[in-house]
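Working notes for the structure below.
The values are calculated or read from the model by the stated rules, or taken from the named source; none is laboratory data. Predicted, not measured: the structure shown is a model, and the values here were computed from it. All Cβ positions, even for glycine, are placed from backbone atoms using ideal geometry, and neighbour counts span all protein chains on display.
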Amino acid sequence: MNKTAYLIIILFISSLINAQTKFEKGSYIDSNNIKIEGFIKNEDWRNNPKEFEFKENENGTANIISIDNAKEFEITGINKYVRADVDIERSSNKLGYLGTNKDPQYVNERLFLKQIVFGTSNLFKYEENGLEKFFYSVNNSPVKQLIFIKYSVSSENNPEGKYEIGDMLTNDLFRRQLWMDVKCETTTQNDIKSTDYNTSDLTKYFKNYNSCKGDKPVTEIVEKKVKHNLKASGIYNIATMDVEHYSPSTSPNFKNSSFGFGLEYELLLPFNNNKWGVIFEPSYNTFKDEQTLPPYGLSTINTVAKTDMSYIQLPFGIRYYFFLDSNSKIFVNAIANVRLIGEKENIDFNTASSDLSYSPSSFSPAFGLGYTYKKISGEFRYYLESGVSAHPNIPINYTNSSFILRYELFGRK
């Protein structure tokens, strides 16, 4: 493929990506407390934004509204972000990135916080490159952070030697904050202890508090969750197998088309409008061919080479969707594939004293392009060449392309 073709493909994909994010009905409140209605570009932010694009009408010009010019903004029924000047503690809770300070180290910042509970008490969430922190306010009080810190034991924070150096401990100050600031008459210590520092537990706790305080039910903005899909796959393979250096005349080049079948598990990630997914599609496939080769040397007998191979493919990869409308979408896949071949599989030569065996496993990257309409999807997938020989001096190169038809058996939204 020449450079011009690559450039056309890149430009085409770029244009599709740019067309994926649409403007939806929404509003924002400016610094003068004026509510301005229009349309906001729905980025389905993984990280909390610092700005957003806004149109006064669907055909209008998009303007970027910065955090300094909007007190809050909302895409109707989808998400709401509130500006707050807060003291934020930014320690990581990921293993391998833990600090040794158990006390919060604050930095004052202006942030857009995603509001996930509304009422007498309000719960907010802030995410940035894997960082996840929660904030709250009660009865219109200033927004404060709920503090939860994982830290590693060091000689400085463990002067009495009660713990092993390197152990992980936690500062659960958020539970004391809940007990002091967000406690109803019926709240028990066990309610606090059973609440962990995550979206699900904190959302439940704050909703229970609001209900206890007599808040009327409000329309909640539901946090997106991962989606699971299970699909049956029918596969049509077109493959070639080239044997090198076996002998000048008995190095066959096999070609075959065959059918296979499998199951695809797809996990759609809960951000960017579920455009990103992780896929795993084990499948059963076959490759069968026979080739007659001319005699070599003093022999007058034709060589007949046969292969009848069954194998399992275990492709694992990522998928990106381009939405065309509510029912149709195009997708691209990038895949790492492991191919498993049975121990008894080989290439049989009628004139040879021994057969040529396959390696029990091989690896090949693959790329796919497909289209989905409701529960039905089709894909063209190309697997790069991989070596499948068990003999280091006799390479066997295997390449295949697949046309895959799928039907969704089960989908959990």
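Observations on the structure shown:
Results for (1) polar (S, T, N, Q); (2) over 24 Å from Phe322 (Cα atoms), shown as yes or no for each residue.
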{"position": "Asn346", "(1), (2)": "yes, yes"}
{"position": "Asn350", "(1), (2)": "yes, yes"}
{"position": "Asp355", "(1), (2)": "no, yes"}
{"position": "Ser362", "(1), (2)": "yes, yes"}
{"position": "Gly370", "(1), (2)": "no, no"}
{"position": "Ile376", "(1), (2)": "no, no"}
{"position": "His391", "(1), (2)": "no, yes"}
{"position": "Asn397", "(1), (2)": "yes, yes"}
{"position": "Phe410", "(1), (2)": "no, no"}
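- Restricting segment 378-389 to residues that are of a type in the set (A, V, I, L, M, F, W, C) and more than 18 Å from Tyr320 (Cα to Cα), the residue that is surrounded by the most Cβ atoms within 10 Å (Cβ to Cβ): Val388
- Exactly one residue out of Val332, Val338 is closer than 26 Å to His391 by Cβ and either crowded, with 17+ Cβ neighbours inside 10 Å or at pLDDT 85 or above (or both), and it is Val338.
- Within segment 143-177, the set of residues being exposed (fewer than 14 other Cβ atoms within 10 Å of the Cβ), in contact (Cβ under 8 Å) with a residue 24 or more places away in the chain and within 35 Å of the chain's Cα centre (by Cα) comprises Met168 only.
- Apart from one condition, Gln115 fits all of (1) assigned to a strand (DSSP E or B); (2) among the polar types (S, T, N, Q); (3) surrounded by fewer than 16 Cβ atoms within 10 Å (Cβ to Cβ); the exception is (3).
- So Ile221, is it modelled with pLDDT under 95 and of a type in the set (A, V, I, L, M): yes
- Residues within segment 403-413 that are at pLDDT below 90, part of a strand (DSSP E or B) and exposed (fewer than 13 other Cβ atoms within 10 Å of the Cβ), tallied: 2
- Checklist (1) of a type in the set (Lys, Arg); (2) more than 30 Å from Lys216 (Cα to Cα); (3) out of contact with any helix residue (DSSP H, G or I) (no Cβ under 9 Å at 6 or more places or on another chain) applied to Lys50, failing item: (3)
- Qualifying residue in segment 227-238 (condition: buried (at least 16 other Cβ atoms within 10 Å of the Cβ), modelled with pLDDT of 95 or more and among the aromatic types (Phe, Trp, Tyr)): no
- Some residue of segment 122-135 being over 31 Å from the mean Cα position of the chain (by Cα), closer than 30 Å to Phe54 by Cβ and surrounded by fewer than 18 Cβ atoms within 10 Å (Cβ to Cβ): no
- The listed residues are Tyr284, Tyr321, and the only one of them that is under 26 Å from Glu127 (Cβ atoms), touching a strand residue (DSSP E or B) at 6+ places or on another chain (Cβ under 6 Å) and of a type outside the set (D, E, K, R) turns out to be Tyr321.
- Odd one out for Asn273 among (1) at negative phi; (2) in contact with an Asp or Glu (Cβ under 8 Å, 6 or more places away or on another chain): (1)
- Single residue of Leu384, Leu356 found to be in the same structural domain as Trp276 (by TED's automatic domain parsing), touching a residue at least 60 places away in the same chain (Cβ under 8 Å), aliphatic (A, V, I, L, M) and touching a Phe, Trp or Tyr at 6+ places or on another chain (Cβ under 9 Å): Leu356
- Residues in segment 369-402 that are part of a strand (DSSP E or B), of a type outside the set (Gly, Ala, Ser) and over 24 Å from the mean Cα position of the chain (by Cα): Glu385, Ile396, Asn397, Tyr398, Thr399, Asn400.
- Of the criteria (1) farther than 25 Å from Asn272 by Cβ; (2) surrounded by fewer than 16 Cβ atoms within 10 Å (Cβ to Cβ); (3) at pLDDT 90 or above, which one Ser91 fails: (2)
- Residue count, segment 69-87 (criterion: surrounded by 16 or more Cβ atoms within 10 Å (Cβ to Cβ), in a strand (DSSP E or B) and either more than 28 Å from the chain's Cα centre (by Cα) or not β-branched (Val, Ile, Thr) (or both)): 9
- You will find that of Phe367, Phe323, the residue that is free of Cβ contacts under 8 Å to residues at least 40 places away in the same chain, of a type in the set (Phe, Trp, Tyr) and assigned by TED's automatic domain parsing to the domain that holds Leu268 is Phe367 and no other.
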